[in-house]
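The values are calculated or read from the model by the stated rules, or taken from the named source; none is laboratory data. Nothing here was measured: the structure is a model prediction, and the numbers come from that model. Neighbour counts run over all protein chains shown; Cβ positions are idealised from the backbone, glycine included. To get the accessible areas, we keep the full protein, side chains included, count just its heavy atoms, and leave off ligands, DNA and RNA. Shrake-Rupley method; radii C 1.70, N 1.55, O 1.52, S 1.80 Å.
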Amino acid sequence: MSFSADVVTLFPELFPGPLGASVIGRGLADGLWSLRTTQLRDFAADRHRTVDDTPAGGGPGMVLKPDILAAAIDAVSPPGDPRPRLLMSPRGTPLGQARVRELARGPGAVIVCGRFEGVDQRVIEARNLEEVSIGDYVLAGGEVAAMALLEAAVRLIPGVLGAAESHAEESFEGGLLEYPQYTRPQIFEGREIPAVLTSGDHGKIARWRREAAEALTRTRRPDLLKR
Ligand code: SAM
């Protein structure tokens, strides 16, 4: 069974967007994963196709209505659907490579994209939505966040990356940032490729990369070393 993604959104026309390009798009065309978008507005009950209302207690903006969102979620993810239901949300658990790896190994995901001020709390609880954040900043909607999550997960699905584009030594695999990369020309604006990398000594190269990765992680992300 391949990875199946369902996205509930007010802007289905944004998809597949970047997910249709390069290796991720090729994986989609080849059936290594599937993507279905659902227009939330199709579940509105009135002739104005209303999906939002003013926040209880006052304040600016609008909130996505729980009944409409629940109907959309139930339509794409009936009881027994094994896929996790995610809500893209700046309040959510920060997305990390470990969760991305879990998702990629699983059956897929149902992803709800918020808009406006967000989503009525009761539907989050009633439909057991896992809130996921892609970083400590606020986007205008969940679509770009959903794309980031899907792109990160789909590239880990076996067969999506070619043999030449392995992810075994990437940043976060093994708890470190990746070592610096170089390619030809040998000298660029007076800067040379470190000699060890062109020495042909694989033991030395591995040691250099390991030390460079540790040094980079120590300076930029000491929190990763502590974990
Ligand atoms: N009022 C909300 C708050 O302060 O937490 C922000 C709502 S934001 C303008 C609208 C939608 O964008 C959110 O419901 C969510 O789906 C999405 N979004 C914004 N920032 C995000 C982030 N960092 N990670 C994931 N989703 C995000």
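Selection of the range 163-205 for residues being closer than 30 Å to GLY27 by Cβ and modelled with pLDDT of 95 or more yields LEU176, LEU177, GLU178, TYR179, PRO180, GLN181, TYR182, THR183, ARG184. Number of residues in the range 1-51 that are acidic (Asp, Glu), closer than 18 Å to SER77 by Cβ and surrounded by fewer than 18 Cβ atoms within 10 Å (Cβ to Cβ) equals 1. Note on the range 104-118: among residues that are within 16 Å of the ligand (Cβ to nearest atom) and touching a residue at least 60 places away in the same chain (Cβ under 8 Å), the one that is most open to solvent (accessible area, probe 1.4 Å) is GLU117. Just one of PHE15, PHE3, PHE11 is touching a Ser or Thr at 6+ places or on another chain (Cβ under 6 Å), closer than 20 Å to ALA146 by Cα and hydrophobic (A, V, I, L, M, F, W, C); which is it? Criteria check complete, one pass: PHE15.
Any residue in the range 105-125 that is modelled with pLDDT of 95 or more and within 23 Å of LEU224 (Cβ to Cβ)? There is at least one residue in the range 105-125 that is modelled with pLDDT of 95 or more and within 23 Å of LEU224 (Cβ to Cβ).
For the range 69-82, the condition holds for no residue, the condition being that it is in a loop (DSSP other than H, G, I, E, B), among the aliphatic types (A, V, I, L, M), touching a residue at least 24 places away in the same chain (Cβ under 8 Å) and in the same structural domain as GLY141 (by TED's automatic domain parsing). Taking the range 145-188 as the range and being more than 18 Å from VAL23 (Cβ to Cβ) and within 16 Å of the ligand (Cβ to nearest atom) as the test, the residues that pass are ALA145, ALA146. Taking the criterion of being within 16 Å of the ligand (Cβ to nearest atom), in contact with a strand residue (DSSP E or B) (Cβ under 7 Å, 6 or more places away or on another chain) and assigned to a loop (DSSP other than H, G, I, E, B), the residues of the range 83-97 that qualify are PRO84, LEU95. Within the range 168-227, if we keep just the residues that are part of a loop (DSSP other than H, G, I, E, B) and at positive phi, the residue that is most open to solvent (accessible area, probe 1.4 Å) turns out to be GLU189.
Taken together, the residues in the range 119-144 that are away from the ligand (no atom under 11 Å from the Cβ) and part of a strand (DSSP E or B) amount to 1.
Take LEU28 and tell me if it is of a type outside the set (Lys, Arg), part of a helix (DSSP H, G or I), under 27 Å from ARG155 (Cβ atoms) and over 15 Å from the mean Cα position of the chain (by Cα).
On the way: of a type outside the set (Lys, Arg): yes; part of a helix (DSSP H, G or I): yes; under 27 Å from ARG155 (Cβ atoms): yes; over 15 Å from the mean Cα position of the chain (by Cα): yes.
Here the answer is yes, as LEU28 does meet what is asked.
Six or more apart or on different chains, Cβ atoms under 9 Å: show the pairs whose first residue is in the range 126-148 and more than 25 Å from ASP81 (Cβ to Cβ) and whose second is part of a strand (DSSP E or B) and more than 8 Å from the ligand (Cβ to nearest atom). Pairs found: GLY135/PRO94; ASP136/PRO94.
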